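The values are calculated or read from the model by the stated rules, or taken from the named source; none is laboratory data. Computed from a predicted model, the values in this text were never measured in an experiment. Every residue, glycine as well, gets a Cβ built from its backbone with ideal geometry; the counts of neighbours run over all protein chains shown.
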């Protein structure tokens, strides 16, 4: 699975629209449970708010189906869906947005509400700092002792983590490689060692 952008920090933006206060908060959420926990936290922290509308995307925004949204009492389709729509076109994953509204006495109408909630998310995302989430895939193989230095040299050209070396009759190498780089990494090893490499199945 390719890498994708996620929030690097929490963010809050505020707007006043026809006397109503809209406070949009953005957080990183790696699971649907953590996204819903943040929504619950906002409800508990600001019980006097008129609405806490929300939307989230968990996983890769290009392929995920793990999404959720809520109008929280606003007319159907005027809050959660516009918020989620903005998120789905942002290219950002693992993100939850809660827009808290304190009603100011003037009704905005369905179009006005959709613009207010969707606009709050757009405003927040314009200011949001991002970082890249890299999806890793485990790989394991065995090499001769004489091949170790060349193997380590090849590894430097790829994004990897959790390298483990198990010294047996041969050296068993276990490492997580960025998913996008698995194929070229394997090809580099095969070319370097002229096919003399044993691949292990990851259980």
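From the set of residues in the range 31-51 that are touching a residue at least 24 places away in the same chain (Cβ under 8 Å) and under 22 Å from the mean Cα position of the chain (by Cα), which is nearest to residue 100 (Cα to Cα)?
Restricting to residues being touching a residue at least 24 places away in the same chain (Cβ under 8 Å) and under 22 Å from the mean Cα position of the chain (by Cα), the top hit is 42.
Considering only the range 1-30, state which residues are surrounded by fewer than 17 Cβ atoms within 10 Å (Cβ to Cβ) and under 16 Å from residue 102 (Cα atoms).
12, 14, 15, 16, 18, 19, 21
Name the strands (runs of 3 or more DSSP E) wholly inside the range 110-168 in which the number of residues that are closer than 20 Å to residue 184 by Cβ is 3 or more.
It comes to 136-143, 160-167.
Here are some conditions: (1) in contact (Cβ under 8 Å) with a residue 60 or more places away in the chain; (2) surrounded by 14 or more Cβ atoms within 10 Å (Cβ to Cβ). Residue 115 meets all but one. Which one does it not meet?
The single condition residue 115 does not satisfy is (1).
Just a yes or no: is a residue in the range 64-77 out of contact with any helix residue (DSSP H, G or I) (no Cβ under 9 Å at 6 or more places or on another chain), under 30 Å from residue 181 (Cα atoms) and free of Cβ contacts under 8 Å to residues at least 12 places away in the same chain?
Within the range 64-77 (the criterion being out of contact with any helix residue (DSSP H, G or I) (no Cβ under 9 Å at 6 or more places or on another chain), under 30 Å from residue 181 (Cα atoms) and free of Cβ contacts under 8 Å to residues at least 12 places away in the same chain), the answer is yes, since at least one residue qualifies.
Is it the case, given these coordinates, that residue 202 is in a helix (DSSP H, G or I), farther than 30 Å from residue 37 by Cα and at pLDDT below 95?
no
Is it the case, given these coordinates, that residue 79 is within 20 Å of residue 124 (Cα to Cα) and either surrounded by fewer than 19 Cβ atoms within 10 Å (Cβ to Cβ) or under 14 Å from the mean Cα position of the chain (by Cα) (or both)?
no
Tally up the residues in the range 165-203 that are in contact with a strand residue (DSSP E or B) (Cβ under 6 Å, 6 or more places away or on another chain), closer than 15 Å to residue 137 by Cβ and loosely packed, with under 15 Cβ neighbours inside 10 Å, please.
3
Testing residue 153 on (1) surrounded by fewer than 18 Cβ atoms within 10 Å (Cβ to Cβ); (2) in contact with a strand residue (DSSP E or B) (Cβ under 9 Å, 6 or more places away or on another chain), one condition comes back false. Which one is that?
(2)
So which of 159, 88, 137 is under 18 Å from residue 7 (Cβ atoms), surrounded by fewer than 20 Cβ atoms within 10 Å (Cβ to Cβ) and in contact with a strand residue (DSSP E or B) (Cβ under 8 Å, 6 or more places away or on another chain)?
88
Would you mind stating whether residue 177 is free of Cβ contacts under 8 Å to residues at least 60 places away in the same chain, over 30 Å from residue 31 (Cα atoms) and not assigned by TED's automatic domain parsing to the domain that holds residue 94?
No, not satisfied.
Does the range 31-45 contain any residue that is crowded, with 19+ Cβ neighbours inside 10 Å and either assigned to a strand (DSSP E or B) or outside the structural domain of residue 81 (by TED's automatic domain parsing) (or both)?
no
Looking for something more than 19 Å from residue 146 (Cβ to Cβ), in contact (Cβ under 8 Å) with a residue 12 or more places away in the chain and touching a helix residue (DSSP H, G or I) at 6+ places or on another chain (Cβ under 7 Å) - is there at least one such residue anywhere in the range 158-174?
For the range 158-174, residues more than 19 Å from residue 146 (Cβ to Cβ), in contact (Cβ under 8 Å) with a residue 12 or more places away in the chain and touching a helix residue (DSSP H, G or I) at 6+ places or on another chain (Cβ under 7 Å): present.
I'd like the full set of residues that are free of Cβ contacts under 8 Å to residues at least 12 places away in the same chain and over 19 Å from the mean Cα position of the chain (by Cα), limited to the range 82-112.
Answer for the range 82-112, where residues must be free of Cβ contacts under 8 Å to residues at least 12 places away in the same chain and over 19 Å from the mean Cα position of the chain (by Cα): 107, 109, 111.
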